[in-house]
Amino acid sequence: MKTNAFIAFFAALAAVLACSADTCRAQTVPVFTGRWYSPDIYLDIDFHGKSITDLNSMDGDPCPGMIRMRRGRGSGDYSISTAVVSGGEAVASAYVWDANVGINFKLLSDGSMRMDCLNFKYLSADGDETSLPSPVTLLRAEPFSGEWRLKGGDGKLTLNLYYPDVFNSEDGQYYYGLVYVAFGNGARVDLCTVTGCKVDGNRAEISFTGGRDGNKYKAVLAFDPAAKLIRLEGVARADGGEGGDCLVADGMVFAR
């Protein structure tokens, strides 16, 4: 029995040592990567690979991240120029109004992230110079972001309910999302634009415009974290009216 135990021990040890540096690195999820939001800002970062497109660069050069003001808060896309990670903390600098401003980030035990920056000033929606509150608590911009496919049918749900950056090539505008559905091998198609939203955890109230009839609608998106599905519920005319030619309907389920 002891011999078998020793053999099992050394086999397990060998398996651990066989893990190459590249393999082990791939198994570790970078902590300061992804999209985060607060009531004031939207943050898109990759402090590890520095792969985010710099919206202030004419050549679209990569950078560690972008800080964007959320709709109604003001204007401006601010480039993060440097970022150094140390465990669950990071020290960065952002280019704001022709000057580099220091920013500290710290991951918190509840999964949120704290951002400290005492000198971040921007133009508010009224055109006034405003200071970003500090510290700011940021949450991950999920689950209502990315692309989802209609189960059992032809359709796609493209979302970012945390920042209106979903581009509609038909009208050249940005929205919180697009809902595309088609029936009869494309004979009947609808492309609806999500114009407003209110996110509460795994549920989100949305308002959207029907692509076929132009009517305003409201609905609820419910995310099932176990099945990783989004279900559409409570589709209704926003004005309380009846009818319409919208093809988006209750019970539609979208999956990754």
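The values are calculated or read from the model by the stated rules, or taken from the named source; none is laboratory data. All of these numbers come straight from a predicted model, not from anything done at the bench. As a convention, Cβ positions derive from the backbone with ideal geometry for all residues, glycine included, and neighbour counts pool all protein chains shown. With ligands, DNA and RNA removed, areas are computed over all heavy atoms of the protein, side chains included. Shrake-Rupley method; radii C 1.70, N 1.55, O 1.52, S 1.80 Å.
In plain terms, the chain from SER131 to ASP110 could stretch by 4.9 nm, reckoned as 0.36 nm per residue minus the Cα-Cα distance.
Using a ≥ b ≥ c from the Cα gyration tensor of segment 167-245 (square roots of the eigenvalues), is it rounded, prolate or oblate, where a/c under 1.5 gives rounded and otherwise the larger of a/b and b/c decides, a/b for prolate? Rounded, because the longest to shortest axis ratio a/c is under 1.5.
With all protein chains present, how much of the accessible area of the chain (probe radius 1.4 Å) comes from carbon and sulfur, to the nearest whole percent? Here it works out to 52 percent. Distance cut-off 25 Å, Cα to Cα: go down the list LYS151/LYS218; LYS121/LYS218; LYS156/LYS228; LYS106/LYS156 and report the pairs above it. Check vs 25 Å cut-off fails for LYS121/LYS218; LYS106/LYS156. Computed over the chain, the per-residue total of -39500 (n - 2.57) for DSSP H runs of n ≥ 4 gives a 222 nm mean residue ellipticity of -3000 deg cm²/dmol, rounded to 500. What the pair-distance distribution of the chain shows, using all Cα-Cα distances binned every 10 Å from zero, is 6, 24, 26, 21, 13, 6, 2, 1 percent. If you plug the beta carbon distance of SER75 and ASP250 into 1/(1 + (r/R0)^6) with R0 = 35 Å, you get a FRET efficiency near 0.40.
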